[in-house]
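Visitor: Here it is, the structure, as structure tokens.
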Number of protein chains: 2
Amino acid sequence: MTGIAFRSALLAAATLMLGAAKPLTTADVISQSTASDWRPLDPQQTLYLELPAGRVIIELAPQFAPKHVANILALVREGYFDGLAVMRVQDNYVVQWGDADNKREIRTAKKTLNAEFDRPAKGVPFTALPDPDTYAGQVGFSNGFAAARDSAGGTAWLAHCYGAVGAGRDTDASSGGGTELYAVIGHSPRHLDRNVTLVGRVVKGIELFSVLPRGTGNLGFYEKPGERVPLRSIRVAADVPEAERTPLEIFRTDTPAFTALIEARRTRTDEWFKYKVGRVELCNVPIPVREVPKR
Amino acid sequence: MTGIAFRSALLAAATLMLGAAKPLTTADVISQSTASDWRPLDPQQTLYLELPAGRVIIELAPQFAPKHVANILALVREGYFDGLAVMRVQDNYVVQWGDADNKREIRTAKKTLNAEFDRPAKGVPFTALPDPDTYAGQVGFSNGFAAARDSAGGTAWLAHCYGAVGAGRDTDASSGGGTELYAVIGHSPRHLDRNVTLVGRVVKGIELFSVLPRGTGNLGFYEKPGERVPLRSIRVAADVPEAERTPLEIFRTDTPAFTALIEARRTRTDEWFKYKVGRVELCNVPIPVREVPKR
């Protein structure tokens, strides 16, 4: 898609929404959105990670990492993570949680899986950004996830933006499997794209991770077991009684409203911005999340 | 500078350092560096910000914002900041400190200054990155700061990478002056480039900012005065007795060693990386800082 065609589509979308020429701000786009611009989180693909400070909610991305997601769901359902801990917090990089003492048994899930670093682009919905990216031929959004494609459009993969969740691994590409997970809490480490299997993203509660004390060991590992942050449990949302769930909706990324939101992020029309920018980098387009409104 | 020419220079630099063809890792570059690859912090352009949890060290950038830097030094020296507080912590964005109650008197410094959003590129040393950037025609490093230039090379400005420090302002472009300062604690908000006057960067202690509790008010402001984080003092390093200073050195950004470091960040040669990347985004090149070694 050329930049020019994209801009025409954007202008059409903006006009559609406003019936006028005034460009929208991000707040305008959200306030003018309709129910169909949002989708509920699928409770079968949503994890609740319970920290002492509260709940972190992760949306899984089975379309990009089906085997890892299935395995993580199996690990969660056998209680693998319950009582484990966050054992690594590296400033401007990641938090990581898992079995720091390497003692936990795995009953039904798998310990390792073949890497799912990328997948065929075919069949992946993709709303492209028109601006250049340092790391990939094309970047954009797929089903609510920041993603990338190569220039030829042959493969697609998830991008390491703030809040992205991945499966830690050792040197071997297929030494991960979901028993150790990490979330990005700093500037996007896009050099990890296609080097680790990303499995989803934090849609609520990332700040519970990002305020954790930084580990003073190598790579941000906590040096003493007492410093680790206990992980009470991870549950699949579908397995949690409905009254205890957190009902969330995600802004859809395949709508004219989302295209208008991209344009609002690209060109800053509010008066504070003296330089209107006219471009936006992938990880600077936050995908709105809200509590399900009472209807 | 074309990508190809740049790569040749990089290879020459790498060969120079090793006398061999093996590519260097970042750790190699640091361990092989010599004393002349580092420079001391200038105590006249260095601020010590004392939080309850410790010292945050900021290097000022007078070459980019001479009037703001002079004014901030004046504010610091009249004790303007002492006893004020961090009053805003917005997740994945900024911490901000200043006079939340708007009661502090300014004696000798100025309250507002004309914006210094950019400057003529002429006279600005610049080590360019060869990779595309979303926001600017050219990006690179100038005297230890992440910076950008327009494609024509007419103007240059500092970039909002993690740790960048800027002068908050109201809607008017020239309503800032250094009385309210902020530091980036999340993904680089590069849309702020040329919209705010950047005055320097945190070279040590950014994690003391980034772990602070997030404000629950609009834009991450703390809602209750009791939530604010006290700022004991800000001092110019030169005004602090030598025994109480933190002696730091910064990796120079105008040397073959730095060019080798860029290449080490661009192409990841260690075995863990299965996809070697071959590119790097401006804010993913950390500029090394170390304690002055005993000689």
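All of the numbers you see were taken from the coordinates with simple rules; none came from a lab. Everything numeric here is computed off the predicted structure, so don't read it as measured data. In this analysis, Cβ positions are derived from the backbone assuming ideal geometry, glycine residues included, and neighbour counts consider all displayed protein chains.
Visitor: Please work out how much length the chain gains when fully extended from B:Tyr275 to B:Arg232, using 0.36 nm per residue of separation minus the C-alpha to C-alpha distance, in nm with one decimal. If you can, show how the numbers build up before the last one.
Guide: On the way: separation 43, 0.36 × 43 = 15.48 nm, distance 4.66 nm.
Using 0.36 nm per residue and subtracting the Cα-Cα distance, I get 10.8 nm.
Visitor: Under the rule of at least 5 residues apart or a separate chain, name every residue whose amide H is placed under 5 Å from the amide H of A:Asp82.
Guide: Residues meeting the amide H criterion: A:Ile234.
Visitor: If you don't mind, there's one more thing I want to ask. Please identify, among B:Ile234, B:Ile185, B:Ile106, the residue showing maximal mean-square fluctuation in a Gaussian network model of chain B using a 10 angstrom Cα cutoff.
Guide: Highest fluctuation of the listed residues: B:Ile106.
Visitor: Roughly how big is chain B's charge dipole about its Cα centre, with Cβ charges of +1 (Lys, Arg) and -1 (Asp, Glu), in debye to the nearest 20?
Guide: 300 debye
Visitor: Then there's this: How about B:Lys276: which lysines have a C-alpha closer than 30 Å to its C-alpha, ignoring those fewer than 8 places off in the same chain?
Guide: Correct list for B:Lys276: A:Lys67, A:Lys110, A:Lys111, A:Lys122, B:Lys22, B:Lys204.
Visitor: Per residue of the range B:147-160, in order, report the coupling 6.51 cos²θ - 1.76 cosθ + 1.60 (Karplus, θ = phi - 60°) as ³J(HN,Hα) in whole Hz, putting x for Gly and Pro.
Guide: Coupling constants for the range B:147-160: 8, 9, 9, 6, 4, 6, x, x, 10, 9, 7, 7, 10, 7 Hz.
Visitor: Now for a different question. Listing A:Thr34, A:Thr46 from the residue with the fewest other Cβ atoms within 10 Å to the one with the most, what is the order? The partial results should precede the final answer.
Guide: Working: A:Thr34 9, A:Thr46 22.
Lowest to highest Cβ neighbour count: A:Thr34, A:Thr46.
Visitor: Listed highest first by mean packing, meaning other Cβ atoms within 10 Å per residue, what order do A:191-197, B:125-131 come in? Could you put the intermediate results ahead of the total?
Guide: On the way: A:191-197: 23.7, B:125-131: 18.6.
Packing order, densest peptide first, comes out as A:191-197, B:125-131.
Visitor: Sequence-distant or interchain residues sharing an amide H contact under 5 Å with B:Thr197, placed H: which?
Guide: Result for B:Thr197 returns B:Glu116, B:Ala167.
Visitor: Given a Förster distance of 56 angstrom, what is the FRET efficiency for A:Phe221 paired with A:Ser36, based on the Cβ-Cβ distance and rounded to 0.05?
Guide: Rounded to the nearest 0.05, the efficiency is 0.80.
Visitor: Going by Cα centres, the range A:234-284 and the range A:37-57 are how many Å apart?
Guide: 16 Å
Visitor: Let me ask something else about it. For the protein assembly as shown, what D do you get in µm² per second when you plug the Kirkwood radius from alpha-carbon pairs into Stokes-Einstein at 10 °C and 1.306 mPa s?
Guide: Details: Rh = 25.1 Å.
The diffusion coefficient I find is 63 µm²/s.
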